[in-house]
Amino acid sequence: MKLVLSIAWTHVRHRARQTLVAIAGVMTGVAFSVMMAAMMEGSQDDFIRTLVDALPHISITDELRRPSRQPADRVFAAAEFHGLIPNVRRPGIKNPMATIASLQSWVPGALTASVQSKAVLRYAGRNLTVSIIGIDPHTEREVSTLASHMRQGNLNSLYRSSHAILLGDRLAAKIGARVNSNLTLASAQGVSMNATVAGTFHSGFRATDETTGYVLLRTAQILERQTGIINEIRIRTNDPMQARLISERIGEQTGYKAISWQEAQEDLLSAITLRNILMYTIVGAILLVASFGTYNIISTITHEKTRDIAILKSLGFRDRTIRAIFIVEALLIGLTGAALGWVFGYLLTRGLASLEFKTPFSDYNHLPVLYSLKHYLLAGAVALVSSLVAGYFPARAAARLHPVDIIRGAT
């Protein structure tokens, strides 16, 4: 093996220019693969983190997990009825405080009660349909990032007047309302009340900032004519990735529909999966192109060293030994290129992370990147495999050469 390494090193060293070009190709492929993986996964994780922070990890609504059976279905199992009016079920979660206490005993995270409502907002001659969310400011801080998204006022501002409301900044700008402006809320149940703008928030999601307002629990209950009733329990788990499993258990225990953030954003997560497939396809293509440089130099060495091969084989070298020499040469190029590519890729990633950019909606930010050992190992492994494959075919051709034909000049 020592002799094989010595011969391989001699071949590679005496063709320094071509060797450096092949190493540079592998290095560039590995470096850009690492940089692209870090950039794309970093932006993906940043997007998911923003999405998870903006929404509750799990939402329990007053909708039953399975529709309740009607009385006629229970009495007449063999009959089928049409056009019957179903029982009117009182909206809201039954025994909400007992349900929350039961869930707090085992759910790893924070819970808060909430009331979801729809209302028509009237201000300065404009009527807009908005989503009204009743919250408890003390527990809301534990399940959402609303407190950090406040632009004017804070969550405690809801206590400053009898019916205070926090508006999304886009909604406030659309109707021209400011802090301390008085507006009117009219619900579908026929309840109308005057409300005072106590603050504005900016979540970063246009749909939320244009159509949402937060009020106290009791205010939302008055709008819904459901005093003492809540129709949603929001949960923030310690591990967001366990939200789906926890929501399934909650649904089985309570009988109400529990939706995790993964279920609520299935389309986006599917798009992210396709994006990852595209990313790894591009990375593989970059490394495949780099492997052609290795193939080129090993083929050239094989062609120029045919007489050396004849001499070695005439001295008793076997085909597998000749094949091993050229495969080792390819691995030397791949290893060196991968090692240099790791360093170059890290520097490129650091350079991208240091760039600052500004959007119309935010101050200066840095490009999100993800430093992961997986990226380096994957790029290095693909580079080595491609170098090995690129070196195998010229090595196999070299091992098949017959020394007599070479010496006579037949090839």
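Report the net charge of residues surrounding L55, where surrounding means a beta-carbon distance below 15 angstrom and charges are Lys +1, Arg +1, Asp -1, Glu -1.
Taking every Cβ under 15 Å from that of L55, the sum is -3.
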### Task
Indicate the gyration tensor shape class of the stretch 58-261 (rounded, prolate or oblate), computed on the Cα atoms with a ≥ b ≥ c the square roots of the eigenvalues: a/c under 1.5 is rounded; otherwise a/b larger than b/c is prolate and the rest oblate.
oblate
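Taking every pair of Cα atoms in the stretch 245-297, average 1/r, invert it to obtain the Kirkwood radius, and report Rg/Rh to two decimals.
So for the stretch 245-297, dividing Rg by the Kirkwood Rh gives 1.45.
For the peptides 346-357, 371-382, what is the packing order when you average, over each peptide's residues, the other Cβ atoms within 10 Å and list the highest mean first?
Top to bottom by mean Cβ count within 10 Å: 371-382, 346-357.
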### Message
Accessible area of the stretch 58-261 with a 1.4 Å probe: how many percent of it is carbon plus sulfur?
### Response
50 percent
### Query
So what's the gap between the Cα centers of the stretch 7-41 and the stretch 130-197, to the nearest angstrom?
59 Å
### Message
For a quick check of understanding: with a 1.4 angstrom probe and all protein chains in place, what accessible area in square angstrom does D267 have, to the nearest ten?
### Response
130 Å²
### Query
Among 146-159, 129-142, 29-42, what's the highest-first ranking by average C-beta atoms within 10 angstrom per residue?
29-42, 129-142, 146-159
### Task
Would you mind estimating how fast the stretch 127-222 diffuses translationally, via Stokes-Einstein at 37 °C and 0.692 mPa s with the Kirkwood radius over Cα pairs, in µm²/s?
250 µm²/s
## Note on the structure
Extension length gain for D46 and R318 (0.36 nm per residue less Cα distance), in nm, is 92.3 nm
### Query
Which value, in Å² and to the nearest 10, is the accessible area of W342 when all protein chains are kept and the probe is 1.4 Å?
90 Å²
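The values are calculated or read from the model by the stated rules, or taken from the named source; none is laboratory data. Computed from a prediction, not measured in an experiment: that's the story for all the values here. Methodologically, a virtual Cβ is constructed for each residue, glycine included, from the backbone with ideal geometry; neighbour enumeration extends over all protein chains shown. What goes into the accessible areas is simple: the full protein's heavy atoms, side chains included, and nothing from ligands, DNA or RNA. Shrake-Rupley method; radii C 1.70, N 1.55, O 1.52, S 1.80 Å.
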